[in-house]
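Below: one structure, written as C-alpha cells.
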There are 4 protein chains.
Amino acid sequence: MDRLQQVLDEIAAEAASEDDRGLVAQYIPELAKVDPQQFGIAVALPDGRVLCAGDAATGFSIQSVSKVFTLSLALGKLGDSLWTRVGREPSGNPFNSIVQLEQEKGRPRNPFINAGAIAVADLILSGHEPREAIGEIVRFMRYLADDDSVVIDERVAASETAHGDRNASLAHFMRSFGTVTHPVDHVLGVYFHQCAIAMNCLQLARAGLFLACQGHNPLTSSQVVTAHRARRINAIMLMCGHYDGSGEFAYRVGLPGKSGVGGGILAIAPGIASIAVWSPGLDTVGNSKLGSAALEQLTKRMEWSVFGS
Amino acid sequence: MDRLQQVLDEIAAEAASEDDRGLVAQYIPELAKVDPQQFGIAVALPDGRVLCAGDAATGFSIQSVSKVFTLSLALGKLGDSLWTRVGREPSGNPFNSIVQLEQEKGRPRNPFINAGAIAVADLILSGHEPREAIGEIVRFMRYLADDDSVVIDERVAASETAHGDRNASLAHFMRSFGTVTHPVDHVLGVYFHQCAIAMNCLQLARAGLFLACQGHNPLTSSQVVTAHRARRINAIMLMCGHYDGSGEFAYRVGLPGKSGVGGGILAIAPGIASIAVWSPGLDTVGNSKLGSAALEQLTKRMEWSVFGS
Amino acid sequence: MDRLQQVLDEIAAEAASEDDRGLVAQYIPELAKVDPQQFGIAVALPDGRVLCAGDAATGFSIQSVSKVFTLSLALGKLGDSLWTRVGREPSGNPFNSIVQLEQEKGRPRNPFINAGAIAVADLILSGHEPREAIGEIVRFMRYLADDDSVVIDERVAASETAHGDRNASLAHFMRSFGTVTHPVDHVLGVYFHQCAIAMNCLQLARAGLFLACQGHNPLTSSQVVTAHRARRINAIMLMCGHYDGSGEFAYRVGLPGKSGVGGGILAIAPGIASIAVWSPGLDTVGNSKLGSAALEQLTKRMEWSVFGS
Amino acid sequence: MDRLQQVLDEIAAEAASEDDRGLVAQYIPELAKVDPQQFGIAVALPDGRVLCAGDAATGFSIQSVSKVFTLSLALGKLGDSLWTRVGREPSGNPFNSIVQLEQEKGRPRNPFINAGAIAVADLILSGHEPREAIGEIVRFMRYLADDDSVVIDERVAASETAHGDRNASLAHFMRSFGTVTHPVDHVLGVYFHQCAIAMNCLQLARAGLFLACQGHNPLTSSQVVTAHRARRINAIMLMCGHYDGSGEFAYRVGLPGKSGVGGGILAIAPGIASIAVWSPGLDTVGNSKLGSAALEQLTKRMEWSVFGS
C-alpha cells in the first residue's frame, strides 16, 4: 500500500503545479465562488482503510455525483420496475438536452442525465413530503459514508432553485408524458437538495465503497445492494457517467465513474477500490479537468483499468 | 478449465432448446437465407487453448465485427491521428442514422457505427487500390486467426453492394465534409468486402485474443498493438459495440463486445479470454439474440464481468 | 352579395350533412365536452356588413386564433423590436415541439407556435400585473369586434392551467435563454387566459376585419395597425397559421388563416373579407376539419384565393 | 404602363449603386466566377408585353428556379399521384438538411428543397433514358419561354456533378426508402442538367407567365396546366420557395417566388405579372440579396403584394 500512497502523493503534487485547471462552473453563483486552486483525492479500500492526498478533507458540492446514490436508493425501494421510467443507454447529447426526451416520449435515456435523475427523484418522493424524501437521501449518504456530518448546503440549494429554469422545463416536459407524477416544485425541491449535498473526498470515497465490494459496505458490514445490482450500477456509470464525455473517460481512465459540476468525480475499480477526486475547474463537456487527469494517471500507474492491465 | 467447458456445453444446450431465436437479418438476400437454428460459441485463452461448443466450426458473415479489426489495422498504420476523422463517443441513435453526422460536421461519433467504419475504410485505402486494401484486411484477419482459410464471401459482398444505398448516402455525405476522401465506390468496395469476410467462432475467438492479452497474440507470439491501445479498443467496444443496445449489453454482459448483423459477437474478458459467439437471429436493435443471452450466462457463471464478480 | 349569402348557405348545408367531422380536442376536459355537430361561418366585409350561416352566433373558445390578436397588440406596443425575440419562419414541426427551440437558442420560429405566443405574452406583460395584461387583451378584442360582450371562459382557463405542463416546459425553457423574462406562472396566466377567450363567428370575423382592410377597422373607423403591418401579419398567418398543416391550408384554401384547437379559424381575403368559421372536430394536425373544408369551398366558389382566380 | 417601366428603371438604378451585394455562390467553381456587379429584371404581362431593366438580356444559371418548371412538368405527366412521393409543407431547415428526410421516412417535405426536386427528377425519368428526360425538360422551357435559344450550360452541369456529394447522399438516402427508383447517377444526371439551364430575365419572366394567368400562356395561347394547378403551384412557391428564408420573403415581398443559387428569382403576382430578377450575390440563407430587395421595392411601389395593398 506504500505504492498507492506514493502514487496519490505524486498525483496531488502534479495537480498542484498544473496551470491549466479548467473553468469553475458559472451557472449558479454559489459554485462560481469556489477557489479553483484546490485538489483532493481519496481512495477507500475493501479492508476499510482510506488513503488520501491534497485537499481530501475539504467539502464540496457533490452535485451530479449524487445521482449514483439516489439511483441506488431508488433501486432498493422499487427494484427493476424503475427501468420502466428511465432507460440505460448513453445519450449522445449534451446533458440538458430535451431533444431525445421528445423523441423517446418523455422517458429519459439513463438515470445520470438531468432528466433521468429528476425522474428518479420523482420515484423517491412517492408517498412522501419533499422534506421527508430529502431527509431520506441525506440519511442514506450518512449511512454509506458512516459519517453523520454529511449535510446539505442550503445556499447552494437555494441558488440552484433560483436558476432552475432548464430543469423545471425538463420536469414539466416529463410530467406531460407521465414520467414525472408529483408537482414539479416538489420534485425539483428533492433534486436541487440532493445536488447540494456537501461532502469531502474521504466521505465520498467511503460512500461509494459498496460499489467496489459486490454491494457490501465493509465499513458498516451492511449489504447496500445485491452484488448483481452493484455490477449493473457500475455498468451504467461507465456508459453514462460523464455526459457527452463518457466515451473519452472510458477511453482514458477505464473505470466506471460519475462526475458533478462541483468538480467531484467518484470512480470505482471493481473489487479493488472506491476513488473520490475533486478539483473545481471543468473541461469543455463539464467534467473536472484535473480530476479526470488524476484518475487517468492513477489507473495507469496502478494498472486498475477494467479494460486490461 | 473443465468448469469452462461444462459452462459452454450448458449454454449451447440451452440455446438449442430456445424457441424465441429472434429474426435473421433481412436487408440483404444472402443473409436472409441463413438457417436460424444454428448456435456456436468458442473461447480462446491466453495459454493458446480454444474451447468451444455447438456450431463453432460453421462459418458465418462477420459483418460489423470486422470493424474492430479494421480499427486495429488503421490505428497501426496511422496512430492516433485517426481520431481527427472519427470520434469515440456513443451515438445514442440507431446505427445508420445520419442526423448526428450532420450536427457534427461529417465526423462520425465512433468507429463502430457504419459511418465511422466507412471513414476508417477510407483511411485504410490511402495510397492503395481497393483490391489491395481488401487484400490487406484479409491478410490481417488470417494473421490474427493464424489461419489462412479465412476468405471473403463474394456473394455476400455483391449482395451488400446491390443494397448499399444507405451506406452510399453516408459515404457521399462524409465526402461532402472531407471525412471521406476517395471515390465513394472505392471506399464502399473496401467496406462491403470487409463485412463479407466469413469466419467461424473458432477463428474469430482466436483473431480477437490479442485484445484480451495486452495487445499480444499468444498464438503467434506477435505484438499486434500496444497494451495501451488494446485497452482503448476494448473501451470503445464496451461503449459503442452494440449500436443503440450498447448500454443494455454492458448492463447485462459486462464485457467489451462487438456485434454484427450476421449474428456474430466478439467479446473480450481482459486478461482472461476472447469469446466468439454466433446465432443468426437478431433482437430488435440488431444484435444476436441468443448470442447476447449466451454471453450474459457465460459472464455470470464464470464471474467475468469487468464490473465486479 | 346575394351570391355570397347563397354560397355560405350551401356550405353550411353541406357541413350539416357531413358524417366525418374529425375529433374534438381531448387535451383539456372543457374542450372535450363540446358538441361536434356544430358549424358556423361569418364573413365581415369592408362595407361593414357581416353575412353568416349555421351556428355563427354560438360562442366557442378561440384558443390559438388569439395569437393573431396578441401579435397585433404587441406590435402596436413594441414595434419591430418584437422580432428580436420571435422569428417569422414556418416551423416544419408539430406545434409544441421543443427541438427547434433548442437548436435556435430559445428564440421561437414564429409567433403562432405555442412557444412564440408565450414569448409574445411575456412582452405584453412588461410593466403590468398578469391581471392587467389579461384585461388589456380582452379590451383589445372588444374594441376590434366592437362588442363588449366578449369574455374569458374561466373554466377553460382553469382547465388549461391544470393541464399546462407542456407549455410550462416551453416557458421555463425560453426563460433559461432569456426569451421569457417574467415569472413563468405570470406569463402562462396571461397565455392561458387569452386562449380561453370565448367568441362567436360574428364577433371573430368583425375582430379580424382590420387585416382585410389595410389595418383599418371600418366598423369603428379606427386604424388598428399600419397597412404595412397588416400585410405582414397576413404573410405570417399564411406561412405559419396552421402548424404543420400550413402548407396544406395554403395549397387548398389559398388565404392567410389562423386556426385554434377549439375548432375556430380566422381567414383573411385581403381587400375583400374577414372570415370566421367554426366546427369543433379537428383533423390529424389539429385544425378544424369542417372549417378547413368550408374555407376551401368558399375561396373556390368566390374565387378569393390570393394565388389566382 | 409608363409607371411600371419607371419603377423598374428606378430599381435597376438603385441596384447599380448598391455596395453590399452579398456573396456569389462558391460551392461550384463555375458559379463562383460570375461577376457580382450584374443586375437584371424583367416583367412579363398577361397582354404579352415584357418590360425590363438592367442586365435583363444576360444569361445566368437558373439553378433551383428550374424546380418550379420540373414540378409543373411532372404534375402534367403524373397528376396528383406525385404527392405520394413529395410533401407540400415548408421544411423549417437549411436547404440540404437530411434530418427531416430521415424523420419522415425518405419523403421530402416539398418539391423545392433539393431532396424534393431530386424525387421529382426521378419521376420525370420514368420510362426514359436520362438524355431523353433532359431533352424533355429543355423543350418544355423553350416552349414556355417561346424561345428556342434556351440551352444547358454543360460546364455548369459538369461542375455540379463533380461537387455533387451532398445531393448524391440525398439521392441514395431516398433510394433506400424507395422515393428514388432509378440509378442515382441517372437521377442526378437529370437534376444537375436542369439546374444548369441558362436563361436571361426576359426568357424566365416569359416562361413563368402561365402561373400568373390561370395556367394559360398568353404568348403561345396554350394551356400549360389547369387554373387550379397554377394556384397550387403558386401556393407552394410562397410557402417553400426560399428555403429557410421563405417566411422572410413572404413577409417582405408578399409574392409566390422561387430562388436559385445562381442569383435568379422568379416571382408571380397572380393575375398581374410574372417577374424575373437576377443578381449573383446571395444573402446568408442563399437567396439573391439585390434580387430580394428589388422585389420588395417592386411590390411595395406597385402594390402587388397578395397580402393587401
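Any read-out appearing in this document is the output of simple, stated calculations on the displayed coordinates, not a laboratory observation. Keep in mind that what you see is a predicted model, and the values were worked out from it rather than measured. With ideal geometry, Cβ positions are generated from the backbone for all residues, glycine too; neighbour counts draw on all protein chains shown.
Solvent-free Debye calculation, one equal scatterer per alpha-carbon of chain D: log10 I(q)/I(0) at 0.10, 0.11, 0.14, 0.16 Å⁻¹ equals -0.48, -0.58, -0.99, -1.33. Legend: calculated FRET efficiency, B:T181 to D:A13, from the Cβ-Cβ distance at R0 = 56 Å, rounded to 0.05, equals 0.70. Across the stretch D:116-201, counting alpha-carbon atoms alone, Rg and Dmax equal 13.0, 39 Å.
Using equal-weight Cα scatterers in the Debye expression, the normalised intensity of the stretch D:153-234 in log10 at q = 0.13, 0.15, 0.19, 0.22 Å⁻¹ is -0.63, -0.77, -0.89, -0.92. Residue-wise HN-Hα couplings along the stretch B:8-18, as the Karplus relation 6.51 cos²θ - 1.76 cosθ + 1.60 with θ = phi - 60° gives them from phi, are 4, 5, 4, 4, 5, 5, 4, 5, 4, 8, 7 Hz; Gly and Pro carry x.
What is the average number of partner chain Cβ atoms found within 10 Å of a Cβ in A:252-264? Write out the running numbers ahead of the final one.
Details: counts 4, 1, 7, 1, 4, 0, 0, 0, 0, 0, 0, 0, 0.
The shielding value for this peptide is 1.
If you filter the stretch B:34-78 for trypsin sites (Lys or Arg not before Pro), then keep DSSP loop positions with at most 13 other Cβ within 10 Å, what is left? Walk me through the numbers before you get to the answer.
Details: sites: B:R49, B:K67, B:K77; in loops: B:R49.
Hits after loop and neighbour filter: B:R49.
Across the identical copies, the label point of D:P183 (7 Å from Cα in the Cβ direction) is separated from its matches by 1.3, 6.9, 7.0 nm, in order from shortest. In a shell of Cβ-Cβ distance under 10 Å around D:G241, excluding D:G241 itself, what net charge do Lys and Arg (+1) and Asp and Glu (-1) give? Within the 10 Å Cβ shell, the charges total +2.
Scaling against 2.2 N^0.38 Å puts the C-alpha radius of gyration of the stretch C:16-76 at 1.42. Against chain B, whose longest principal axis comes from its Cα atoms, helix B:130-145 is set at around 20 degrees.
Which of B:V224, B:V68 comes first, and how do the rest follow, when ranked by fewest Cβ neighbours within 10 Å? Could you put the intermediate results ahead of the total?
Details: B:V224 23, B:V68 27.
Placing the least packed residue first, the sequence is B:V224, B:V68.
Axis of helix A:227-240 versus longest Cα principal axis of chain A: the two differ by about 90°, to the nearest ten degrees.
According to the Kirkwood relation over distinct C-alpha pairs, the hydrodynamic radius of the protein assembly as shown is 33.0 Å. Whole-Hz Karplus values for the stretch A:23-36 come out as 10, 5, 3, 9, 6, 10, x, 4, 6, 5, 7, 5, 6, x Hz, taken residue by residue from phi with 6.51 cos²θ - 1.76 cosθ + 1.60 and θ = phi - 60°; glycine and proline positions read x. Per the Debye formula on identical point scatterers at the alpha carbon atoms of the stretch A:250-294, with no solvent, log10 I(q)/I(0) at q = 0.14, 0.22, 0.26, 0.32 Å⁻¹ is -0.28, -0.67, -0.89, -1.20.
What is the sum of charges around A:S309, taking Lys and Arg as +1, Asp and Glu as -1, for the other residues whose C-beta is under 11 Å from the C-beta of A:S309?
Values: positive: A:K300, B:R231; negative: A:E303.
Here the charged neighbours net out to +1.
Here the translational diffusion coefficient of the stretch D:1-114 follows from Stokes-Einstein with Rh set to the Kirkwood radius across Cα pairs; for 20 °C and 1.002 mPa s it amounts to 122 µm²/s. Taking amide H positions as modeled 1.01 Å from N, with prolines and chain starts lacking one, the residues under 5 Å from C:F39 and 5 or more places away or on another chain are C:D55.
Note on the stretch C:36-182: percent of Cα-Cα distances in each 10 Å bin, starting at 0 and stopping at the bin with the largest distance, equals 10, 35, 34, 18, 3. Beyond 17 Å, what share of the Cα-Cα pairs of the stretch D:213-263 is found? Please give it as a whole percent. That tail contains 45 percent of the Cα-Cα pairs. When chain B is turned onto chain A, its residue with the beta carbon nearest the axis, and that distance in whole angstrom, is B:G92, 1. Placing a label point 7 Å from Cα along the Cα-to-Cβ direction at C:D148 gives distances to the equivalent points in the other copies of 7.1, 7.7, 10.4 nm, listed shortest first. So for the stretch A:41-80, Kirkwood radius off the Cα pairs, Stokes-Einstein at 10 °C and 1.306 mPa s: how many µm² s⁻¹? It comes out at roughly 127 µm²/s. Going by neighbour counts of Cβ atoms within 10 Å, the residues C:D185, A:D153, B:D9 line up, fewest first, as C:D185, B:D9, A:D153. Amide H to amide H distances under 5 Å link D:G87 with D:R109, D:N110, where only residues 5 or more positions off or on other chains count and H is placed in the peptide plane.
For the options B:Q194, B:Q100, B:Q26, a Gaussian network treatment of chain B with springs between C-alpha atoms closer than 10 Å singles out B:Q26 as fluctuating the most. When chain C is treated as a GNM with alpha-carbon contacts under 10 Å, the residue of C:G264, C:G208, C:G241 showing the greatest mean-square fluctuation is C:G208. Here D:D35 yields copy-to-copy label distances, from shortest upward, of 7.0, 7.4, 7.6 nm, the label point defined as 7 Å from Cα along Cα to C-beta. Ordering D:F112, D:F177 from the fewest to the most neighbouring beta carbons within 10 Å gives D:F177, D:F112. For chain D, the longest principal axis of the C-alpha atoms and the axis of helix D:114-125 are separated by about 70°. The 3J(HN,Hα) values that the Karplus relation (6.51, -1.76, 1.60; θ = phi - 60°) gives for the stretch D:176-184 are, in residue order, 5, 9, x, 6, 9, 10, 8, x, 4 Hz. Gly and Pro appear as x.
Kirkwood Rh over alpha-carbon pairs of the stretch D:195-309, then Stokes-Einstein at 20 °C and 1.002 mPa s: what D in µm² s⁻¹, rounded to an integer?
D = 153 µm²/s.
Largest mean-square fluctuation among D:A42, D:A119, D:A158, in a Gaussian network model of chain D whose springs join Cα atoms under 10 Å apart, belongs to D:A158.
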